[in-house]
Amino acid sequence: MENDQYWTLIAHYLSEEAGEETSSHISRLKKEHPEFEKQLREASMIWNSSKKHNLEPTFSDSEIDAAIEKMSGRLGSDAVEDQATTTHVQLSFKKKRLVFRAAAAVALLMVSVFSLVYVLQSASTPGLEAVALKGETKNIVLPDGTKVLLAPDSKLSYPETFGSVREVNLEGLAYFDVTKNPDKPFVIETAHSLTKVLGTSFAIEAYPEAENETIAVTSGKVSFGDLDGDNTLLLTKDEAAVLSVKNGRVAQMDNLHNELIAWTDSTFAFRKTKVSKVFKTFERYYDVSFVIRDKAILDFSFSADVKDKSLEEALQQMQGVFNFTYKINGKQVTIDQPSK
């Protein structure tokens, strides 16, 4: 398929003008070519984000019209009619223009026009993987100069060199200070979310067993949402959001900001945090495992700042709030009811 046909197909799909045959064609390409699915998902995310949140960069009518003229000039009127017939999309002139405006806007919003031949045939750059084990954090500098602080029990996958989109994959918790490059968006993919930025700093938490994925922004603008781009939020400095793993819904929750950022300064900022999550955090940062004999405590909430403390000091601080005993035996911590 030629590049022009590719963008027309994408335009039909994103502007909701696609017929059954076009949708089937898209589905077949997604199944047969994983790289096509990834690029389509990225295009959808940017398109939906820009439509819902007026994401920068924005384009004037004259800029989009110029792109339309360029695209339609390459396609030619006959090709336009042929493409409409092929995809069984019978459009009025106004609707055809809408489709081309969609294609032009997508092309402008994407960093560059992806050639389908390149997408389907080019070999991916060999990948690298950074892992922070329990009890340790790790500093990473990505190929573009982006700095990442990886939290304990976390993993970051990224290529040796970035292409037109700087894409990484995160499992766990990390703080990103992204090198600004307006021509190359920076995209973080987790098991359930996509985050897109141009140059900013923020933290993302996406541990596999968690019910939610969260993000907190310290500078710049960040688009955060589900993998399909159906639910997204545009966040700025000091804002935070949570994505439900169960249903993909995204909600702004700025009270989570300190809790998600504080660990970069050797501090736990617990804010009405369930004790079960507090102990899970301690397991990761102190490289221990908990045996909970008094399970009733797990449903309580804990609010406190725990800064630069050993495991025993942290547990003693919790004892000031909750009535429990603890015993540390090597890497195992037992929590029990107090002796009567």
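The values are calculated or read from the model by the stated rules, or taken from the named source; none is laboratory data. Everything quoted here is computed from the prediction, not taken from an experiment. No Cβ is skipped: glycine too gets one built from the backbone with ideal geometry, and neighbour counts run over all protein chains shown. Only protein heavy atoms, including side chains, enter the accessible area calculation; ligands, DNA and RNA are left aside. Shrake-Rupley method; radii C 1.70, N 1.55, O 1.52, S 1.80 Å.
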Inset, instruction - Could you list, in sequence order, all residues of region 266-304 that are among the hydrophobic types (A, V, I, L, M, F, W, C), assigned to a helix (DSSP H, G or I) and within 29 Å of the chain's Cα centre (by Cα)? - result: V275, V278, F279, F282
Inset, instruction - Only residues in region 318-340 that are assigned to a strand (DSSP E or B) count as the first member; pair them with residues that are of a type outside the set (A, V, I, L, M, F, W, C) and at pLDDT below 90, Cβ under 8 angstrom, at least 6 apart or cross-chain, and list the lot. - result: T325/Q337; T325/P338; T325/S339; I335/D294; D336/D294
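Considering only residues of region 122-148 that are among the aliphatic types (A, V, I, L, M) and modelled with pLDDT of 95 or more, which is surrounded by the fewest Cβ atoms within 10 Å (Cβ to Cβ)?
Filtering first and then ranking leaves V141.
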Inset, instruction - Confirm whether A210 is small (G, A, S), under 23 Å from L235 (Cα atoms) and outside any strand (DSSP E or B). - result: yes
Inset, instruction - Scan region 149-164 and give yes if some residue there is at pLDDT below 95, outside any loop (DSSP other than H, G, I, E, B) and open to solvent by less than 10 Å² (accessible area, probe 1.4 Å), otherwise no. - result: no
Inset, instruction - Return a yes/no flag: does region 252-265 have any residue that is of a type in the set (S, T, Y) and outside any helix (DSSP H, G or I). - result: no
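From the list L227, L243, L198, pick out the single residue that is modelled with pLDDT under 95, on the phi < 0 side of the Ramachandran plot and touching a His at 6+ places or on another chain (Cβ under 9 Å).
Unique residue meeting the criteria: L227.
Could you say which residue among A241, A216 is crowded, with 22+ Cβ neighbours inside 10 Å, within 14 Å of the chain's Cα centre (by Cα) and more than 19 Å from S154 (Cα to Cα)?
Testing whether each residue is crowded, with 22+ Cβ neighbours inside 10 Å, within 14 Å of the chain's Cα centre (by Cα) and more than 19 Å from S154 (Cα to Cα) leaves just A241.
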Inset, instruction - Return only the number of the condition from (1) modelled with pLDDT of 95 or more; (2) open to solvent by 10 Å² or more (accessible area, probe 1.4 Å); (3) more than 16 Å from V222 (Cα to Cα) that Y175 does not satisfy. - result: (3)
Inset, instruction - Among what's in region 284-340 and is in contact with a Pro (Cβ under 7 Å, 6 or more places away or on another chain) and at pLDDT below 95, pick the residue that is least open to solvent (accessible area, probe 1.4 Å). - result: F324
Legend entry - Residue list for region 182-197, restricted to those being of a type outside the set (V, I, T) and either assigned to a strand (DSSP E or B) or open to solvent by 50 Å² or more (accessible area, probe 1.4 Å) (or both): P182, D183, K184, F186, E189, A191, H192, S193, L194, K196
Legend entry - Every pair of residues 6+ apart whose Cβ atoms lie under 7 Å, when the first sits in region 274-285 and is in contact (Cβ under 8 Å) with a residue 12 or more places away in the chain while the second is in a helix (DSSP H, G or I) and open to solvent by 50 Å² or more (accessible area, probe 1.4 Å): K274/D299
